[in-house]
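One structure below.
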Number of protein chains: 2
Amino acid sequence: MKKLKIPEKTIERLPLYLRRSEKLHAMGENSVTSQKFVRDLPGINSDNLRKDLSYFGNYGKKGNGYDMSRLIKELRNILKLNKETHVALVGAGNLGTALLTHQDFNRWGFRITVAFDNRPKVIGNQIGGILVEPIQDLESTVRKKKIEAGMIAVPADSAQSVSDSLTSAGIKGILNFAPTLLDVPDEVKVKQVDITSTLKELNYYLQE
Amino acid sequence: MKKLKIPEKTIERLPLYLRRSEKLHAMGENSVTSQKFVRDLPGINSDNLRKDLSYFGNYGKKGNGYDMSRLIKELRNILKLNKETHVALVGAGNLGTALLTHQDFNRWGFRITVAFDNRPKVIGNQIGGILVEPIQDLESTVRKKKIEAGMIAVPADSAQSVSDSLTSAGIKGILNFAPTLLDVPDEVKVKQVDITSTLKELNYYLQE
């Protein structure tokens, strides 16, 4: 299996397939056609689905549709969701607090194990069971605890310097909530969660 | 200008072009080639840019690159960011609080003017200057105040019923933070901000 050849757009759709297959499975559907499967997935058609899954093997039996429990298991495997991933959060403001207390991460094995801030009134607080540490300790703590991913929830103008600290501490993946694009080494993957841009996009349709 | 023919992917990229052109403009760049423009935009190449902008008119002078101040103005126009959009927030938990106090919305004309929750301990609180009202009042208040968009920041299992209330009150756009896909009438546009799915996607690259 040559992972490097799989398009980024395919990887982006896999978590949506996982969510959809879990929902169908919970509804008691065990064998689902590609047409039915994509019905609630906006912007994805059954050709996308078949093409995407073909990168990872042969999931559907001809005429029988896809086996939901098998698909769930395989998607979890492909996305490596069967082991724990340790995450560092930087920026324990309102958004950071929401992330620290978010219930949906744990069941997928994502554990925010350390949190950092630069504000004296926040440092030392426990949020969601996690102690907020001073930003100066970021590199040494991340290195020592072998943290694999970072979430950046700081204002736009400090996001790049936080990103630099995370990557120099060896982090390989960043989820960036700051409304700015980060400059990172090639081996580091950044995903942007850009709420304001999504709102602007929605605004286009509102005014039509 | 036939808006209906513009691909969704194009609309999705316009806010990124706006952010990029503002940054270049702030750096003192007034005329920028498409190659340079897309350099910091992951997954977007100069062909995408030219094609996308061609839907809205002719922005670049041959050999001169794009005029940043003109592009900023036109993108704001296309995305209709020169008027205020009134937004209702549903769910005033940690994420809702982060959204109510988020500084980046105001400068784009997005104003959260009403907020709702169903928990007695939250109803009546002022968050970011906005009073949290009981969820029972959602439909009448949204209708009366002519709110145009909704943000759903409630748990997954109540997101669909909140969405139903918003759309029956006449809302035409929803930004959904709940990890579930919503079933809405055709004329309503939903954008999903799916933090857990983005984290799963990032996880794929982490483990490579």
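The values are calculated or read from the model by the stated rules, or taken from the named source; none is laboratory data. This structure is a prediction, so every number in the text was calculated from the model and none was measured. Cβ atoms come from the backbone with ideal geometry, glycine included; neighbour counts cover every protein chain shown. Ligands, DNA and RNA are stripped out before the accessible areas are found, and what is left, the full protein with its side chains, is counted by its heavy atoms. Shrake-Rupley method; radii C 1.70, N 1.55, O 1.52, S 1.80 Å.
Number of residues in region B:31-43 that are at pLDDT 90 or above, touching an Asp or Glu at 6+ places or on another chain (Cβ under 9 Å) and surrounded by fewer than 20 Cβ atoms within 10 Å (Cβ to Cβ) equals 3.
Restricting attention to region B:159-197, the residues that are modelled with pLDDT of 95 or more, among the hydroxyl-bearing types (Ser, Thr, Tyr) and closer than 22 Å to A:Leu24 by Cα total 2.
On the stretch given as region B:68-97, residues that are under 26 Å from A:Leu99 (Cβ atoms), within 14 Å of the chain's Cα centre (by Cα) and in a loop (DSSP other than H, G, I, E, B) total 0. Any residue in region B:46-56 that is free of Cβ contacts under 8 Å to residues at least 60 places away in the same chain, within 13 Å of chain A (Cβ to nearest Cβ), out of contact with any strand residue (DSSP E or B) (no Cβ under 9 Å at 6 or more places or on another chain) and open to solvent by 50 Å² or more (accessible area, probe 1.4 Å)? Checked region B:46-56: at least one residue is free of Cβ contacts under 8 Å to residues at least 60 places away in the same chain, within 13 Å of chain A (Cβ to nearest Cβ), out of contact with any strand residue (DSSP E or B) (no Cβ under 9 Å at 6 or more places or on another chain) and open to solvent by 50 Å² or more (accessible area, probe 1.4 Å). Quick one: is A:Phe105 more than 10 Å from chain B (Cβ to nearest Cβ), among the aromatic types (Phe, Trp, Tyr) and more than 20 Å from A:Ser31 (Cβ to Cβ)? Considered against the rule, which asks whether it is more than 10 Å from chain B (Cβ to nearest Cβ), among the aromatic types (Phe, Trp, Tyr) and more than 20 Å from A:Ser31 (Cβ to Cβ), A:Phe105 comes out as no. May I ask you to list the residues in region B:98-123 that are surrounded by fewer than 21 Cβ atoms within 10 Å (Cβ to Cβ) and assigned to a helix (DSSP H, G or I)? Selection gives B:Asn106, B:Arg107, B:Trp108.
Can you find a residue in region B:143-153 that is more than 21 Å from the chain's Cα centre (by Cα) and either open to solvent by less than 20 Å² (accessible area, probe 1.4 Å) or under 22 Å from B:Glu84 (Cβ atoms) (or both)? Yes, because at least one residue in region B:143-153 is more than 21 Å from the chain's Cα centre (by Cα) and either open to solvent by less than 20 Å² (accessible area, probe 1.4 Å) or under 22 Å from B:Glu84 (Cβ atoms) (or both). The set of residues from region B:2-30 being open to solvent by 60 Å² or more (accessible area, probe 1.4 Å), of a type in the set (Asp, Glu) and in contact (Cβ under 8 Å) with a residue 12 or more places away in the chain is empty. The number of residues in region A:160-195 that are free of Cβ contacts under 8 Å to residues at least 12 places away in the same chain and either within 12 Å of chain B (Cβ to nearest Cβ) or buried (at least 18 other Cβ atoms within 10 Å of the Cβ) (or both) comes to 2.
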